[in-house]
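Heads up: the structure comes next, in structure tokens.
Values in this text are rule-based calculations from the coordinates and carry no lab data. Because the structure is predicted, anything quoted here is derived from the model rather than measured. Note that each Cβ is placed from the backbone with ideal geometry, even for glycine, and that neighbours are counted across all protein chains shown.
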Amino acid sequence: MTLLDNSPANPEDRWLLRLYVAGQTPKALHAFANLTKICEEHLQGNYEIEVVDLLLNPTLAKDDQILALPTLVRKLPEPIKKIIGDLSNTERVLVGLDIKPLRQKNQRESDHD
Amino acid sequence: MQNLLKTPTGIKGLDEITDGGLPQGRPTLICGGTGCGKTLLAMEFLVRGATQFNEPGVFMSFEEKSDELTKNFASLGFDLNELIDQNLLTIDHVHLDPSEIEETGEYDLEGLLIRLGFGIDSIDAKRVVLDTIEALFSGFSNEAILRAELRRLFRFLKDKGVTAIITGEQGESTFTRYGLEEYVADCVLFLNHTVYQQIATRRMRIVKYRGSAHGTNEYPFLIDQQGFSVMPISSLGLDHPASNERIPTGVTRLDTMLGGMGYFRGSSILISGTAGTGKSSLAAHFINAACARGERCLYFAFEESQNQIIRNMHSIGINLGQWVEQDLLQFQNARATLYGLEMHLVVMHNAIDQFNPNCVVIDPISNLIATASESEVKSMMSRMIDYLKMKQITALCTDLSLISGNPERGEINISSLMDTWLLLQILEARGERNRGLYILKSRGMAHSNQVREFILSDDGIQLRDVYIGLSGVLTGSSRDNQEAKDLAEALDCQQQIEMRQRDIERKKLAIEAQILALNTQFEAEKDDLIRLISKEKQRSDTLLLDMIAMGKLKQADAPPPSHLKNNELGASK
């Protein structure tokens, strides 16, 4: 399990994301790269990414109801959301993670400037 | 050449129709409509594998949660939790909700494979069930990926060497909605559930089974408290043994009519007759006799309850209750309309397997017939009869024929399957109805062609000769009348003879008296004659003596003359 802690400024708005992969497959690496890119762009350090390798922890596949790989699970904020695939479609990842409002908020903030 | 290895399912009948079980180490597809028993069959495969063959199994459910499954199967007597505790079973519920999942870009189903692989490895499973994997199609939208991944999944299962069951929902024109049969090419079982005349019947068919012989018919199956059972009929044919042993019918006169010894053991007997002709009573006699010999009997009653039958048979002096207490007789009572014919036969099949009887009574078979079409009935009945013959069980079936119509037509022509056919008929004449019994056929034995009057008395059934005379066949009181009349006539005749005999006797006496009188007269006359003769002799003797005396007196020197001389002398004098 790899932790990528980007020290949340506000614990209320903290994002906890978990990425399930099975070994270092191209799809997994791709997904991780895409995810960090999106998070950097839209969550501005207020996030935490946990990478779970199911080859090392196969029981988690059952416990967390994982079928497809790679799967990204938004653990926080609730409710839990799941996104599958290599996260190459940024627009859909944002919709899936429900990040839009944040970006809109950012946009609104920039409008005020 | 190595034969295909098979994994026995342990499910009653299924191993017989598949000739040993499912292909080992390969996936088998079970498809069918909703509620036809796919999940049950799959789960029973695992449970029996775990309990009977010590083969642990993984159940991956895409529909029901594990606690739901546990509850559902508890009603069938399967304790899944216990098996889980013993590491003989793993239930993995796969939760799929398309609304929770967003798809972005490329993915695969490695997660599913890891889960499955972990499940298999953790308990060293030999059997796997995926129920029903088609749920994936509603969970994921990229069908191209899905199909590629399914192919990988099945390859994975084969590599693991597990015997797998995949269930699939029936499609419009295909076996499964998403064409799973395309991936699972080794063995496909199709379950269906048809309703005919409001009665539902479950059936199973082996659509294909690569590399193995298998039955091709639709086999009825049953889901009951013991789980799944398929009627194993593929193995039956016309090669059952034929016993020469004869068993009494329970009615002495009927034994006499059947060549003096009764039915053949293991034969099938049909008793036809209209309502109230005593079919059940005849059946009761048969089982009463069988139980008295210590044989086991199974009585399938579709019209009366056990207590009712026992009470009714008491009225003709048969105590069936005692055999029930001694566990020699068992009743199976069910309304015929409870389920379809096939189902009945499966139920009967199971009951026979459990009780292991020597004799079986089906009373009446015609009720079963009403629940299915004619051709079905014939095929099912012949299977049943073949099965009974195979086990050398003597089967006695009663058949209620309609009042109108020709009783010999034989309901649904099952009569051709029967070895012995008795017909009970009402003989109606002069305002009363009497029962008559005929033997329409009895294969392999000489039998009476006569009608007998069939009388139900306090001491059971009695067969009596009917009156066959100038005025036709008479039964009942007409027969009694006729017999009384005959008796009177005979008495009359007898009296006349006796009178004539007395006359003769008298005549004889009279004649004898006459003879005596004549004899007496004759004797008297004879005596007279004798007296006369002796008198004459005396007179002549006296005369001679007188002459001699006279000669002496005359000093005659001539010797005394002969009789003739005497006479001459006398004459010359």
### Task
Could you go through region B:440-453 in sequence order and give the Karplus-derived ³J(HN,Hα) for each residue, using 6.51 cos²θ - 1.76 cosθ + 1.60 with θ = phi - 60°, rounded to whole Hz, and x for Gly and Pro?
6, 7, 7, 5, x, 8, 6, 9, 6, 9, 8, 7, 10, 7
### Task
Work from the charge dipole of the protein assembly as shown (Cβ charges, +1 for Lys and Arg, -1 for Asp and Glu, about the Cα centre) and give the residue of A:L60, B:N244, B:S477 farthest towards its positive end.
B:S477
### Message
Rounding to the nearest 10 and keeping the result within 0 to 90°, find how far the Cα-based axis of helix B:374-390 lies from the longest principal axis of chain B.
### Response
70 degrees
#### Entry: Exercise: per-residue mean of other protein chain Cβ atoms within 10 Å, A:54-67
6
#### Entry: Lys, Arg +1 and Asp, Glu -1 on Cβ, resulting dipole of region B:459-555 about Cα centre, debye, nearest 20
960 debye
### Task
Distance between Cα centroids, region B:1-61 to region B:488-557: provide it in whole Å.
121 Å
#### Entry: Phi to ³J(HN,Hα) by Karplus 6.51 cos²θ - 1.76 cosθ + 1.60 over region B:266-279, Hz, x for Gly, Pro
x, 8, 10, 10, 10, 10, 9, x, 7, 4, x, 9, x, 5
### Message
I'd like the antiparallel share, as a percent to the nearest 5, of DSSP beta bridges with both residues in the protein assembly as shown.
### Response
50 percent
### Query
So for region B:281-339, what are the equivalent ellipsoid semi-axes in whole Å, largest first, each being the square root of 5 times an eigenvalue of the Cα gyration tensor?
19, 13, 10
### Message
P(r) for region B:1-149, please, calculated from all Cα pair distances in 10 Å bins and given in %.
### Response
10, 38, 34, 15, 3, 0
### Query
Can you list residues whose amide H is under 5 Å from B:R246's amide H, if they're 5+ apart or on another chain and H is modeled 1.01 Å from N?
B:R265
### Query
Highest mean first, what order results for B:532-540, B:52-60, B:349-357 on Cβ atoms within 10 Å?
B:52-60, B:349-357, B:532-540
### Query
Can you give me the Cα centroid spacing of region A:60-96 and region B:266-314 in angstrom?
70 Å
### Task
Whole number please: convex hull volume per residue, Cα atoms of chain B, in Å³.
303 Å³
### Task
Return the calculated 222 nm mean residue ellipticity for chain B, to the nearest 500 deg cm²/dmol, obtained by summing -39500 (n - 2.57) across DSSP H runs with n ≥ 4 and dividing by the residue count.
-13000 deg cm²/dmol
### Query
So what are the three principal axis dimensions of region B:242-369 from its Cα atoms, in whole Å, longest to shortest?
40, 36, 33
### Message
List the residues, sorted by chain then number, that are 5 or more residues from B:K12 or on another chain and whose placed amide H is less than 5 Å from its amide H.
### Response
B:V230
### Task
Would you work out the charge dipole size for chain B about its Cα centre, treating the Cβ of every Lys and Arg as +1 and the Cβ of every Asp and Glu as -1, and quote it to the nearest 20 debye?
3420 debye
### Most to least packed among B:166-176, B:415-425, B:67-77 [average Cβ atoms within 10 Å]
B:415-425, B:166-176, B:67-77
### Task
Report the equivalent ellipsoid semi-axes for region B:324-389 in whole Å, largest first, defined as the square roots of five times the eigenvalues of the gyration tensor built from alpha carbon atoms.
22, 14, 9
#### Entry: Only Lys, Arg (+1) and Asp, Glu (-1) charged, at Cβ; region B:160-274 dipole about Cα centre in debye
180 debye
### Total formal charge among the other residues, if their Cβ is under 15 angstrom from that of B:K38, Lys/Arg +1 and Asp/Glu -1
-3
### Task
Mind checking which of B:Q354, B:T337, B:L282 is farthest towards the positive end of region B:260-409's charge dipole, using Cβ charges of +1 (Lys, Arg) and -1 (Asp, Glu) about the Cα centre?
B:L282
### Estimated D of the protein assembly as shown in µm² per second, where Rh is the Kirkwood radius over Cα pairs and Stokes-Einstein applies at 10 °C, 1.306 mPa s
47 µm²/s
### Task
Over 19 Å, how big is the tail of the calculated P(r) for region B:127-173, in percent of all Cα pairs?
29 percent
### Cα lying deepest toward the dipole's positive end in the protein assembly as shown, options B:P8, B:L320, B:G33, charges on Cβ
B:L320
### Summary
Between A:V52 and residues 5 or more places away or on another chain, the pairs with built amide H atoms under 5 Å apart involve A:L19, A:Y20, A:V21
### Query
Roughly what % of DSSP beta bridges within chain B run antiparallel, to the nearest 5?
45 percent
### Summary
Taking only Cα atoms of region B:135-281, the Rg to Rh ratio with Kirkwood Rh works out at 1.22
### Query
Helix B:143-160 sits at what angle to the longest principal axis of chain B, using alpha carbons and giving 0 to 90 degrees rounded to 10?
60 degrees
### Karplus-derived 3J(HN,Hα), 6.51/-1.76/1.60, for each residue of region B:310-317, Hz, glycine and proline x
4, 4, 4, 6, 4, 5, 10, x
